[in-house]
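The structure appears below as structure tokens.
The values are calculated or read from the model by the stated rules, or taken from the named source; none is laboratory data. For clarity, every value in this text was computed on a predicted model and none was experimentally measured. For neighbour counting, all protein chains shown are included, and Cβ atoms are generated from backbone atoms with ideal geometry for every residue, glycine included. Protein only, heavy atoms only, side chains kept; ligands, DNA and RNA dropped before computing areas. Shrake-Rupley method; radii C 1.70, N 1.55, O 1.52, S 1.80 Å.
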Amino acid sequence: QVQLVESGGGLVQAGDSLRLSCAASRRTYRMGWFREAPGKEREFVALISWSGSITHYADSVKGRFTISGDNARNTAWVQMNNLKPEDTAVYYCAVDGTGLGQFDYWGQGTQVTVSS
């Protein structure tokens, strides 16, 4: 089992920045962020793979969001800059805790609201 604690959501204006944090209770293989907007399906945002510190982003956030992490502290962050109203969603942290390539543990979600 892996417990995840997320923090950093909030209400901001368009163009502002936020940083989300996710702390896992033990070491994992990958950590990622997903988001779910009202009436839409959950979508991938960004991930970091501890092996080689590889990162990957959704096209919609490239150049604006940066994911980073500290494997020794089982923690990852996503710095979100130049936020847009369409970034409004519940953001979920997820981890691959088994090394099988799936995000199999999920956080409770944190709300990000961007006003225009």
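Brief remarks follow.
- Residues of segment 6-28 classified as within 15 Å of the chain's Cα centre (by Cα) and of a type outside the set (Lys, Arg), total: 13
- Residue check, Trp50 at pLDDT below 95, closer than 19 Å to Val2 by Cβ and of a type in the set (Phe, Trp, Tyr): yes
- Looking across segment 93-116, the residues that are hydroxyl-bearing (Ser, Thr, Tyr) and either in a loop (DSSP other than H, G, I, E, B) or over 19 Å from Ile48 (Cβ atoms) (or both) come down to Thr98, Thr113, Ser115, Ser116.
- Residue check, Leu11 open to solvent by 60 Å² or more (accessible area, probe 1.4 Å) and at pLDDT below 95: no
- Those residues of segment 27-42 which are of a type in the set (D, E, K, R) and open to solvent by 80 Å² or more (accessible area, probe 1.4 Å), in sequence order: Arg27, Lys40, Glu41, Arg42
- Residue match in segment 54-75 (condition: exposed (fewer than 14 other Cβ atoms within 10 Å of the Cβ) and part of a helix (DSSP H, G or I)): yes
- Matching residues in segment 76-92 - criterion: being assigned to a strand (DSSP E or B), buried (at least 16 other Cβ atoms within 10 Å of the Cβ) and not aromatic (Phe, Trp, Tyr): Ala76, Val78, Met80, Ala89, Val90
- Segment 49-66 residues that are within 13 Å of Met31 (Cα to Cα), paired with ones that are assigned to a strand (DSSP E or B) and open to solvent by 70 Å² or more (accessible area, probe 1.4 Å) (beta carbon under 7 Å, 6 or more apart): none
- Residue list for segment 22-52, restricted to those being touching a strand residue (DSSP E or B) at 6+ places or on another chain (Cβ under 8 Å) and among the hydroxyl-bearing types (Ser, Thr, Tyr): Ser25, Thr28, Tyr29, Ser49
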